[in-house]
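**Q** One structure, pasted below without further comment.
The values are calculated or read from the model by the stated rules, or taken from the named source; none is laboratory data. This structure is a prediction, so every number in the text was calculated from the model and none was measured. Reconstructed Cβ throughout: ideal geometry from the backbone, glycine too, with neighbour counts over all protein chains shown.
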């Protein structure tokens with residue numbers, strides 16, 4: 001009996017409460033027991049003190065102890081035996097997962113099995129919360145008509161019906177699909193009906209979805225060289241093989257792609273404003289690409305990510321508009337025009353693939369969120385979207401003009417500018433053989449957000465330089481930013 005009382009007193013001493021803490025007493029007791037069981041301080045089969053005796057030792061009422069015990073019983077940490085009391089559950093493993101110096105989280109992670117595709121991906125890079133000159137893909141958020149957007153959100157929220165809280169169509173909200181269909185038919189020359197449009201969470205989900213539907217593991221796909229790094233990651237995560245096809249002043253070199261891999265299953269391209277070099281795919285190359293896709297049964301995934309902004313000519317019509325065989329999957333996004341966190345994009349799907357895309361989308365995340373779709377549909381329908389584009393085009397054009405002028409004036413002998421005819425970025429090749437990745441890394445530390453050009457190549461041969469976004473860099477700030485860039489290059 002003495003041994004039993006000593007054991008109960010010992011367990012009671014392991015449990016502590018702090019009356020000044022914000023957590024309720026029952027939760028503190030529950031967590032004390034749970035943590036000690038997990039760490040091995042309490043073992044399977046150990047007798048727990050009675051609720052009365054523990055309440056007496058802790059000098060609290062019995063109710064918090066009863067509530068804590070009830071939760072521990074419900075979760076399987078405790079078990080009761082009639083006439084004997086409450087025990088640490090005998091079904092728990094005898095050896096616990098106690099972390100030791102030799103068993104750190106990183107060591108355990110190495111032991112755990114994950115897919116080869118996931119293991120091969122580079123480490124996750126947390127996006128910077130800071131804003132600064134030359135960030136790629138960053139519009140001027142201060143120019144966005146946030147007051148209009150908030151009014152539309154408030155107005156729709158006041159009259160939103162219960163039906164809007166239910167799961168929606170995997171293809172997206174019909175009103176938004178109708179609005180997008182009208183927009184892309186007029187502005188981008190896309191041939192489609194609203195039924196072919198799927199709403200997605202940005203162009204990145206669209207690329208991932210297209211890869212899942214169209215490509216088997218081990219399939220080869222053409223990618224632009226240099227090209228969008230997240231396309232490389234999408235293919236890698238799906239176990240597909242990216243075939244880097246060189247880009248020249250006429251866009252993706254189709255003849256080179258055929259020599260590299262004639263039977264590739266898909267081609268991922270940005271024909272209107274190639275990323276990162278900014279070139280436009282010529283009409284000849286477009287017809288060559290369509291002919292190749294039809295001949296070998298390949299798919300073309302057209303990412304039209306910032307085609308709204310073209311400065312010296314009218315916007316270039318989409319490749320999809322030339323496709324008469326249903327081989328092109330067209331992708332658009334609102335992230336560059338509106339704001340990145342909106343996470344709204346769309347896919348125009350060939351008629352015979354709609355069901356497969358919808359089925360895959362349902363597996364991925366059921367349906368897109370209702371509220372943002374509904375507000376976006378009204379934003380487009382009331383003309384705010386078109387007005388915002390018209391307003392921003394001359395602003396970005398001026399920033400591009402000033403940036404090109406300052407680069408030529410301050411770094412004319414060190415840089416070769418390419419791809420400044422459209423979009424919200426341009427590229428600059430380094431004339432010398434300086435390490436662009438090291439310069440870009442140092443620049444970020446100094447709040448100058450350069451993207452190294454060489455990191456966007458998959459093959460061995462690469463040009464060095466930088467991708468410079470000018471969307472969020474005011475014209476008055478460009479000269480100082482270029483001066484900063486010059487110091488880094490000369491350093």
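**Q** Can you work out which of the residues in the range 324-335 that are surrounded by fewer than 24 Cβ atoms within 10 Å (Cβ to Cβ) and within 16 Å of the chain's Cα centre (by Cα) is farthest from residue 140 (Cα to Cα)?
**A** 334
**Q** Another question about this same structure. Go through the residues of the range 157-178 one by one and say whether even a single one is at positive phi, surrounded by 12 or more Cβ atoms within 10 Å (Cβ to Cβ) and either in a loop (DSSP other than H, G, I, E, B) or in contact with a helix residue (DSSP H, G or I) (Cβ under 8 Å, 6 or more places away or on another chain) (or both). Let's see the steps before the verdict.
**A** Taking the range 157-178 first, the residues at positive phi are 172.
Subset that is surrounded by 12 or more Cβ atoms within 10 Å (Cβ to Cβ): 172.
With either in a loop (DSSP other than H, G, I, E, B) or in contact with a helix residue (DSSP H, G or I) (Cβ under 8 Å, 6 or more places away or on another chain) (or both) added as a condition, the list becomes 172.
Yes, the range 157-178 contains at least one residue that is at positive phi, surrounded by 12 or more Cβ atoms within 10 Å (Cβ to Cβ) and either in a loop (DSSP other than H, G, I, E, B) or in contact with a helix residue (DSSP H, G or I) (Cβ under 8 Å, 6 or more places away or on another chain) (or both).
**Q** Moving to a separate point now. Restricting to the range 179-217, what's the tally of residues that are in contact with a strand residue (DSSP E or B) (Cβ under 7 Å, 6 or more places away or on another chain) and within 20 Å of residue 263 (Cα to Cα)?
**A** The number of residues fulfilling the criteria is 3.
Condition check ((1) over 16 Å from residue 223 (Cβ atoms); (2) out of contact with any strand residue (DSSP E or B) (no Cβ under 7 Å at 6 or more places or on another chain)) across all residues:
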{"position": "253", "(1), (2)": "no, no"}
{"position": "258", "(1), (2)": "no, yes"}
{"position": "267", "(1), (2)": "no, no"}
{"position": "278", "(1), (2)": "yes, no"}
{"position": "304", "(1), (2)": "yes, no"}
{"position": "310", "(1), (2)": "yes, no"}
{"position": "322", "(1), (2)": "yes, yes"}
{"position": "329", "(1), (2)": "no, no"}
{"position": "332", "(1), (2)": "yes, no"}
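**Q** Here is a follow-up. Select the helices (runs of 4 or more DSSP H) contained entirely in the range 50-123, then report the ones holding at least 1 residues which are in contact with a helix residue (DSSP H, G or I) (Cβ under 7 Å, 6 or more places away or on another chain), surrounded by 10 or more Cβ atoms within 10 Å (Cβ to Cβ) and modelled with pLDDT under 90.
**A** Once the helices (runs of 4 or more DSSP H) in the range 50-123 are filtered for at least 1 residues that are in contact with a helix residue (DSSP H, G or I) (Cβ under 7 Å, 6 or more places away or on another chain), surrounded by 10 or more Cβ atoms within 10 Å (Cβ to Cβ) and modelled with pLDDT under 90, what remains is 51-58, 116-120.
**Q** In the list 400, 387, 409, which residue meets the criterion of being part of a helix (DSSP H, G or I) and either surrounded by 14 or more Cβ atoms within 10 Å (Cβ to Cβ) or in contact with a strand residue (DSSP E or B) (Cβ under 6 Å, 6 or more places away or on another chain) (or both)?
**A** Sole residue among the options that is part of a helix (DSSP H, G or I) and either surrounded by 14 or more Cβ atoms within 10 Å (Cβ to Cβ) or in contact with a strand residue (DSSP E or B) (Cβ under 6 Å, 6 or more places away or on another chain) (or both): 400.
**Q** Looking only at residues that are assigned to a helix (DSSP H, G or I) and touching a helix residue (DSSP H, G or I) at 6+ places or on another chain (Cβ under 8 Å) in the range 442-478, which one is surrounded by the fewest Cβ atoms within 10 Å (Cβ to Cβ)?
**A** Among those residues, the one meeting the criterion is 442.
**Q** Further question: Those residues that are in a loop (DSSP other than H, G, I, E, B) and surrounded by fewer than 12 Cβ atoms within 10 Å (Cβ to Cβ), I need them from the range 249-261; list them, please.
**A** Going through the range 249-261, the residues in a loop (DSSP other than H, G, I, E, B) turn out to be 249-250, 253.
Passing the criteria: only 249.
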